[in-house]
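This report refers to the structure that appears directly beneath it.
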Amino acid sequence: MIKGVAAGFMAYALFSSSDACVKALGGGMSVFEIIFLLTLASLCTFAFAKPASERWREVLHIHRPGLVFVRATSGVAGSIASVYAFTTLPLAEAYSLLFLMPAFATLLAIPALGDHVGWRRSMAIFCGFLGVVLVVRPGFHQLHPGHLAAAFAAVAAAVTMISLRSLGKTEKRITLLATLYLSMLAVDGTLMLFNFTVPDLRQAALAVLAGLFSGFGQILMLAATRNAPPNRVAPSQYSQMIWAVVFGGVFFGEIPDPVAFAGMALIVASGLFTFLREEHLYGWSRRIPLMRNRD
């Protein structure tokens, strides 16, 4: 149990390191080129992310192609939006909006899955949005397209979660990862051609590091779920808020004020409560292969 939870924390530390590298690439390359190079680098670790119980011949053995397409589309769109957010916003603000994903997933599950949302989860959702207001403070701080991109990425991640609640019953993890990676390479590889720049050594190194951090994070996440129940591992993703403050302050000079810290605390508390409530009611983590929300 302890090994699994520790691996979960290490995985999200690597994911945050990847996001910091992406932020450092902002302005030098297009979002599409960043994602394409990052995905190529992360493919180096793809073979190690395959569960031992799954076979390579099952990679494209798809049972529900329509829903797999929805999951791949939301993953591609969400990755584009989140990378744009990371390259244009302070890390803490980007994470604050991205962590609205549990709230959006709860709301989307009402029409999509017929879920009922009681007053407890409604209050948690309200607290999450209030936390975002405290962090972003529209009217006091200038809103940026990156804020909209981060919110859209959270919605896309929520669509992914809703899709995985069904796909987790029928599709292999390796299938879900492979279709996503192939979709990202195809879409971003095409779109980057319209504004392609040859990366210099620093940019290439950061892109490779971002991809390797993300890929090895997926491997650690697999190890985490082998050694601990997914519902014990998933809450460790909120440690990314700590990494956002650390990396933002050390590398980018981004120091949140006390009001922003209070907002981040509300967002984390709201997300954790929403997750635990969803787990208690529906046991979603037993059916969803844990993967990074952005992937």
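The values are calculated or read from the model by the stated rules, or taken from the named source; none is laboratory data. If you're wondering where the values come from, they're calculated on a predicted model, not measured in any experiment. Backbone-built Cβ (ideal geometry, glycine too); neighbour counts: all protein chains shown.
Below are the figures for this structure:
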{"item": "The range 121-165, residues that are aliphatic (A, V, I, L, M), more than 28 Å from Val76 (Cβ to Cβ) and in contact (Cβ under 8 Å) with a residue 24 or more places away in the chain", "result": "Ala124, Leu130, Val133, Leu134"}
{"item": "Test: Ile125 is under 14 Å from the mean Cα position of the chain (by Cα) and either in a helix (DSSP H, G or I) or modelled with pLDDT of 80 or more (or both)", "result": "no"}
{"item": "Leading residue by the ranking (surrounded by the most Cβ atoms within 10 Å (Cβ to Cβ)) among those in the range 17-37 that are closer than 14 Å to Leu209 by Cβ and among the small types (Gly, Ala, Ser)", "result": "Ser18"}
{"item": "Neighbours by Cβ (under 7 Å, 6+ apart or cross-chain): first from the range 192-213, in contact (Cβ under 8 Å) with a residue 24 or more places away in the chain; second β-branched (Val, Ile, Thr) and buried (at least 19 other Cβ atoms within 10 Å of the Cβ)", "result": "Ala207/Ile34; Ala210/Val22; Gly211/Thr39"}
{"item": "Filter pass, Phe213 being modelled with pLDDT of 85 or more and of a type in the set (Phe, Trp, Tyr)", "result": "yes"}
{"item": "When residues of the range 212-260 are limited to those that are within 15 Å of Ala24 (Cβ to Cβ) and within 20 Å of the chain's Cα centre (by Cα), the one surrounded by the fewest Cβ atoms within 10 Å (Cβ to Cβ)", "result": "Val246"}
